[in-house]
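Read-outs: derived from the displayed coordinates by stated rules, not from any lab. Nothing here was measured: the structure is a model prediction, and the numbers come from that model. Heads up, the Cβs are rebuilt from the backbone with ideal geometry, glycines too, and the neighbour counts pull from every protein chain shown.
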Amino acid sequence: MMPIRPEERHRYPADWRAISDRIRFERAAGRCECTGECGHDHGARCAAVHGEPHPVTGSRVVLTTAHRDHTPENCADDNLAAWCQRCHLAYDAEHHAATAARTREARRTAGMPPLFEIRERNCSCPTAS
């Protein structure tokens, strides 16, 4: 399960662990439910299985429970998905970038110095898929 930040804990129901376990291990039977929502082309359904090596990355799969609408208060079954960490992070990438930008802007307007300097550079590194 992905850790919940302490400042966000109040947004989750008291029985979140049971809800997440039910989605991941009863409904999904320990297998990633992503069918391409993450943007990766892995066929009909991602083949990642909780606790096993990931079929693409080789890292141990940690099945997580994703909120499709990014709203922790919405725990309706059709809003929740059991996804491996690769699919979950890819699905949330745009949301995480927007949240990080808002955090940086809030710190800037509050007069807080940045944690580190971001420098522009030309990089011909391949992008992650």
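A few remarks follow.
- Most positive-pole-ward Cα, P13, S59, A93, against dipole of the range 6-109 from beta carbon charges: S59
- Overall shape: oblate for the range 6-109, with the ratio a/c of the largest to smallest alpha carbon gyration tensor axis at 1.5 or above and b/c at least equal to a/b.
- Least to most buried among E33, E7, E73 (fewest other Cβ within 10 Å first): E7, E73, E33
- Residue order, fewest to most beta carbons within 10 Å, for H10, H40, H54: H10, H40, H54
- Neighbour-count order for S20, S59, fewest beta carbons within 10 angstrom listed first: S59, S20
- With 0.36 nm allotted per residue and the present C-alpha distance subtracted, the N74-R45 stretch has 8.0 nm of extension available.
- Trypsin sites (Lys or Arg not before Pro) within the range 29-69: DSSP coil, no more than 16 neighbouring Cβ in 10 Å: R45, R68
- Sites W16 and T57, calculated FRET efficiency, Cβ-Cβ separation with R0 25 Å, nearest 0.05: 0.40
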